[in-house]
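Derivation of every value follows stated rules applied to the coordinates shown; laboratory data play no part. In this text the structure is predicted, and so the values were computed from the model without any measurement. Cβ sites come from the backbone with ideal geometry, for glycine too, and all protein chains shown count toward neighbours.
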Amino acid sequence: MTRLVGFVSHPDCARHDTGWNHPDHQGRLPAIRNAVYADMVTLFEHLVEVGGRHASDEELELVHTAEYLAQVQSWSGAAAKQGGPIEVQPGLRVSEASWDAARAAVGCVLTAIDTVIDGRTTSAFCASRPPGADASPDSAAGFCLLNSVAVGARHLIERRSIRPLLVIELRGGTPSALSSLLAEDPDVRVLSFAAEAGSPLSPAFPALPPSVPSMRDALTEAYIDEPPPAFILLAAGFDIVAVDPVGHLGLLPGDVYELTAILREWADRVCAGRLVSVLEGGYAARELGEAVVRHVRALAALPCPA
């Protein structure tokens with residue numbers, strides 16, 4: 001039987017304008033789409049294109065405060081008045097379209113989750129931006145405005161009554177705000193495979209090396225004495241790939257395939273393969289496209305390209 005993987009995106013995600021000299025520039029999503037389309041001879045029967053949507057304020061407030069959401073909207077309004085991107089804090093640029101883009105990024109995750117739960121696909125990948133894993137309930141951080149994966153986790157638990165959850169992140173730096181937002185929730189386990197331990201909100205949070213043996217061992221050991229997850233969310237930071245201008249690791253696109261394959265095989269055993277992967281980091285556009293193709297192939301149980 002053909003294994004179906006959702007490819008979820010929304011046109012507003014590409015409208016988040018940070019300027020071409022910024023790592024999270026507008027070329028990231030076209031690079032992914034071009035690489036995926038170039039591999040469509042292989043992916044054609046396995047990839048299902050799914051249109052995302054904007055998350056509602058009520059959905060965003062599963063994680064974020066109303067005051068912070070108003071702040072993000074006001075930043076976009078200020079950028080509109082200026083006629084171009086503005087820097088609202090060091091490294092974080094916002095444009096007129098950023099509020100719509102951030103809501104669309106969260107909506108892509110919610111759409112992907114519902115697509116998998118409803119059985120239309122086994123798993124899904126969200127080609128969305130801006131990234132979100134570093135955002136906390138009342139503040140932005142890094143390049144992140146709204147925490148898509150955290151909202152997705154709350155949606156699964158509170159709206160779809162699915163628990164327990166496993167949230168995994170791959171990071172070229174330190175663990176993200178997910179480690180603080182979700183780690184103490186009894187329905188959620190967070191595993192962070194990152195270059196360095198600690199995070200701005202949780203300095204003692206451990207990081208596991210992003211390698212196949214590490215992932216295999218962590219998945220096995222995490223569930224020795226407790227029930228396995230009913231659903232998996234992956235905050236996929238492709239800044240783990242070599243030459244990335246932001247990450248601190250030297251993995252190859254083929255390593256991304258191997259890591260994804262381990263996770264997909266384990267998901268098949270414990271939760272019928274129900275997994276949603278969300279684009280986070282990855283700022284070398286060509287290598288990002290190559291890594292995403294291998295990631296999607298692994299989700300579809302297809303061989304890694306040469």
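Relative to the Cα centre, what is the charge dipole magnitude of the chain, using +1 at the beta carbon of each Lys and Arg, -1 at the beta carbon of each Asp and Glu, and rounding to the nearest 20 debye?
Working: 23 positive and 37 negative charges, 132 e Å.
Once rounded to the nearest 20, the dipole reads 640 debye.
When both bridge partners sit in region 5-299, DSSP labels roughly 15% of those beta bridges antiparallel. Here's the picture: charge each Lys and Arg Cβ at +1 and each Asp and Glu Cβ at -1 in the chain, and of Leu251, Val41, Leu60 the one pushed furthest to the positive end of that dipole is Val41.
Would you work out which of Gly237, Leu178, Pro164 lies farthest towards the positive end of the dipole of region 5-299? Charges go on Cβ: Lys and Arg +1, Asp and Glu -1. In region 5-299, that residue is Gly237.
What the phi angles of region 235-242 give under the Karplus curve with 6.51, -1.76 and 1.60, with θ = phi - 60°, is a coupling list of 8, 8, x, 7, 6, 6, 7, 4 Hz, glycine and proline written as x.
Grab the other residues whose beta carbon is less than 13 angstrom from that of Ile224, score K and R as +1, D and E as -1, and report the net.
Values: positive: Arg189; negative: Asp217, Glu221, Asp225, Glu226.
After counting each charged neighbour, the total is -3.
So how do Tyr283, Tyr223, Tyr68, Tyr37 line up by other beta-carbon neighbours within 10 Å, fewest first? Could the numbers behind the result be given before it?
Details: Tyr283 24, Tyr223 16, Tyr68 20, Tyr37 12.
In increasing order of surrounding Cβ atoms, one gets Tyr37, Tyr223, Tyr68, Tyr283.
Length gained on full extension, Ser211 to Glu45: 56.8 nm, using 0.36 nm per residue less the C-alpha separation. Here the chain has an Rg and Dmax of 17.6, 56 Å, counting Cα atoms alone.
With Cα atoms as the point set, the radius of gyration and Dmax of region 127-189 evaluate to 11.6, 32 Å.
By the count of other C-beta atoms within 10 Å, a proxy for reagent exposure, Thr2, Thr260, Thr42, Thr18 are ordered fewest to most as Thr2, Thr42, Thr18, Thr260.
In deg cm²/dmol, rounded to 500, what helix-only [θ] at 222 nm does the chain give when every DSSP H run of at least 4 residues adds -39500 (n - 2.57) and the total is split over its residues? Before the final figure, lay out the partial values.
Numbers: 10 runs with 112 residues, N = 306.
Rounded to the nearest 500, the figure is -11000 deg cm²/dmol.
Across the chain, the mean sequence separation of Cα contacts (distance under 8 Å, 6 or more residues apart), normalised by length, yields a relative contact order of 20 percent. When all alpha carbon pairs of region 185-306 are counted in 5 Å bins from zero, the resulting P(r) reads 2, 11, 20, 24, 21, 14, 7, 2, 0 %.
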